[in-house]
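Questions regarding the structure given below will be posed in turn.
The values are calculated or read from the model by the stated rules, or taken from the named source; none is laboratory data. Note that the structure is a prediction, hence the values are computed from the model and not measured. Ideal geometry is used to build each Cβ from the backbone, glycine not excepted, and the neighbour counts take in all protein chains shown. Protein only, heavy atoms only, side chains kept; ligands, DNA and RNA dropped before computing areas. Shrake-Rupley method; radii C 1.70, N 1.55, O 1.52, S 1.80 Å.
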Amino acid sequence: MTRFDRLFEIFEGADCVLITSDINRRYFTGMKSSAGVILAFPEKAYLLIDFRYIEKARATVKDAEVIELKKLYPQLMELLKKHGAESVAIESETMTVKELNAYEHFFTDLTFIHNDSLSNAISTLRASKDSEEIACIKKAQEIAEKALEELMGFIKVGVTEREIALELNRLMFAYGAEDLSFETIVLSGANTSMPHGVPSDKKVESGDFVLMDFGAVYNGYHSDMTRTVCVGEPTDEMRKVYDIVLSAQLAGIEAAKAGILGSELDKVSRDIIEKAGYGSCFGHSLGHGVGMEIHEKPNASPNYKLPLNEGVVVTVEPGIYIAGKFGVRIEDFVILTENGCENLTKSAKNLITL
């Protein structure tokens, strides 16, 4: 079955669907571009794309007929009439009000379905990864971990957070990354207490934690990991906090399996941190889905009361952040299976001192 077939198995409510977002267009066609429109019917799908991308599209796209885009609205009208469509669903999460108004102004006899039904159906499809997607995610993670391994010799007293981040980025690209999953986070010393801090010109000092949150993109799919290492000798308090976070993370991975509610998985790790007396220092959710976007559904958070299905890739990343002192986060990501999970992150998690 194609991804379009799977979409129409779970989506009802319109004669056809209009897909305009870059990410979802690539998901359904395999074509990376900054332009193009998909119009899909249960019996056939079309990709309308302009001259800049037409040659690549004809060589790349499968499961949809490629049409060179010249005048969007008349070409869409022709296809709608051909298939006898009277209603079309749009992506409510990504289409702007301005874009919707333009479509409705031209297609006066067409009903546009702009509730969340199409976006929710696509999110459901994308949440459970197939074997090809998992292979890309694993490759992205291999690139990131290879870069981290080589980076360890670069981290030392006197280098700045920004220099470490730049070197890590360089290494990921050198080992085959298509892009970075997000802006690489490298923090040291007291800055590690900021979960999503920005690398600065602060130099690493002896006794500092260095926290690195990063990922690589391969063939459109992201990886995500965080490691916290120490340059020099950590204090007893630093060791204690690190061990608590590691225990919480290992417990979360142990509990991760298809069917568990996102809130239940979050609670497993959160309870350990709260019982240790650091509950107020863990202010973000345990994890999030990863795939063609670095943050996508589903989530492992206190408010996510839905089950995590088989094939979902989700991060497990508890942390403790003590303002003005230091922070620790350890992040792996796993694919959920019927009886547990497969950890896609292979890098060591014991406290590394450099």
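With a 1.4 Å probe and every protein chain left in place, work out the accessible area per residue of segment 308-351 in Å², rounded to a whole number.
Roughly 33 Å² per residue, with all protein chains present.
Give me the accessible area of Asp63, 1.4 Å probe, in Å² rounded to the nearest 10.
Asp63 exposes around 80 Å² with every protein chain in place.
Leaving out ligands and nucleic acids, note down the accessible area per residue over segment 179-220 with a 1.4 angstrom probe, in whole Å².
39 Å²
Here's another thing I want to ask about it. R0 = 56 Å: FRET efficiency of Ile10 with Lys203, Cβ-based, nearest 0.05?
My answer for the efficiency is 0.60.
Glu237: accessible area at probe 1.4 Å, nearest 10 Å²?
The accessible area comes out at roughly 60 Å².
Within the chain, what whole-number % of the accessible surface is contributed by carbon and sulfur, with the 1.4 Å probe and all protein chains included in the calculation?
Solvent-exposed carbon and sulfur of the chain make up 51 percent of the total.
The list (1) 30, 53, 16, 1; (2) 28, 43, 20, 8, 0; (3) 28, 49, 22, 1 gives values of P(r) over Cα pairs in 20 Å bins from 0, in percent, and only one came from this structure; which label was calculated from it?
Among (1) 30, 53, 16, 1; (2) 28, 43, 20, 8, 0; (3) 28, 49, 22, 1, the one derived from this structure is (3).
Something else about it: Where does the charge balance sit around Ala40 when Lys and Arg score +1, Asp and Glu -1, over other residues with C-beta under 15 Å from its C-beta? Could you put the intermediate results ahead of the total?
Details: positive: Arg3, Arg6, Arg25, Arg26, Lys44, Lys62, Lys82; negative: Asp5, Glu9, Glu12, Asp15, Glu43, Asp63, Glu65, Glu91.
It works out to a net charge of -1.
Return the FRET efficiency for the residue pair Arg162, Asn101: r is the Cβ-Cβ distance, R0 is 51 Å, and the value is rounded to the nearest 0.05.
Values: r = 44 Å, r/R0 = 0.86.
Approximately 0.70, to the nearest 0.05.
Continuing with this model, one more query. Can you give the angle from 0 to 90° between the axis of helix 97-106 and the longest principal axis of the chain, with both taken from C-alpha atoms, to the nearest 10?
The angle comes out at about 10 degrees.
While we're here: Run the simple label-point estimate for Thr2 and Lys349 please: 7 Å along Cα→C-beta, distance reported in nm.
Distance between label points: 4.1 nm.
Using 19 Å as the Cα-Cα cut-off, could you pick out the over-long pairs in Lys146/Lys349; Lys203/Lys346; Lys240/Lys275; Lys138/Lys346?
Lys203/Lys346
Right, another one. Given the -39500 (n - 2.57) contribution per DSSP H run of 4+ residues, what per-residue ellipticity at 222 nm results for the chain, rounded to the nearest 500 deg cm²/dmol?
-11500 deg cm²/dmol
For Gly197, list long-range residues whose amide hydrogen, built 1.01 Å from N in the peptide plane, is under 5 Å from its own amide hydrogen.
For Gly197, whose amide H was placed from the backbone, there are no distant partners under 5 Å.
Another question, then. Rounded to the nearest 5, what is the percent of antiparallel bridges among the DSSP beta bridges in segment 1-160?
Taking every DSSP beta bridge with both residues in segment 1-160, the antiparallel ones total about 45 percent.
Using 1/(1 + (r/R0)^6) with R0 = 56 angstrom and r between the beta carbons of Leu261 and Thr111, what's the FRET efficiency to the nearest 0.05?
Approximately 0.95, to the nearest 0.05.
Now for a separate question. When a/c is below 1.5 the answer is rounded, else prolate if a/b is larger than b/c, else oblate, so apply that to segment 302-352 with a ≥ b ≥ c taken from the square roots of the Cα gyration tensor eigenvalues. Intermediate results must be reported in sequence, preceding the final value.
Numbers: a/c = 4.32, a/b = 1.55, b/c = 2.78.
Cα axes put segment 302-352 in the oblate bin.
A further question on this structure: Would you mind calculating the relative contact order of the chain from Cα pairs under 8 angstrom and at least 6 residues apart, reporting the percent as a whole number?
14 percent
I would also like to ask the following. Keeping all protein chains in place, calculate the accessible area per residue for segment 1-55 (probe 1.4 angstrom), answer in Å².
With all protein chains present, segment 1-55 gives 42 Å² per residue.
Mind ranking Arg6, Arg170 by accessible surface for me, highest first, 1.4 Å probe? Intermediate results must be reported in sequence, preceding the final value.
On the way: Arg6 65, Arg170 120 Å².
The ranking, largest first, comes out as Arg170, Arg6.
Against the longest alpha carbon principal axis of the chain, how many degrees, from 0 to 90 and to the nearest 10, is the axis of helix 262-275 turned?
For 262-275 against the chain, the angle is about 10 degrees.
Measure nothing but the geometry: give the 0 to 90° angle between the long axis through the Cα atoms of 131-151 and the longest principal axis through the Cα atoms of the chain, rounded to 10°.
30 degrees
Let me ask something else about it. Quickly work out the Glu43-to-Asp236 label distance, labels modelled 7 Å from Cα along the C-beta direction, and quote it in nm with one decimal.
7.7 nm
Report the label-to-label distance for Phe51 and Ser123 in nanometres (one decimal), using points 7 Å from each Cα along the Cα→Cβ vector.
4.0 nm
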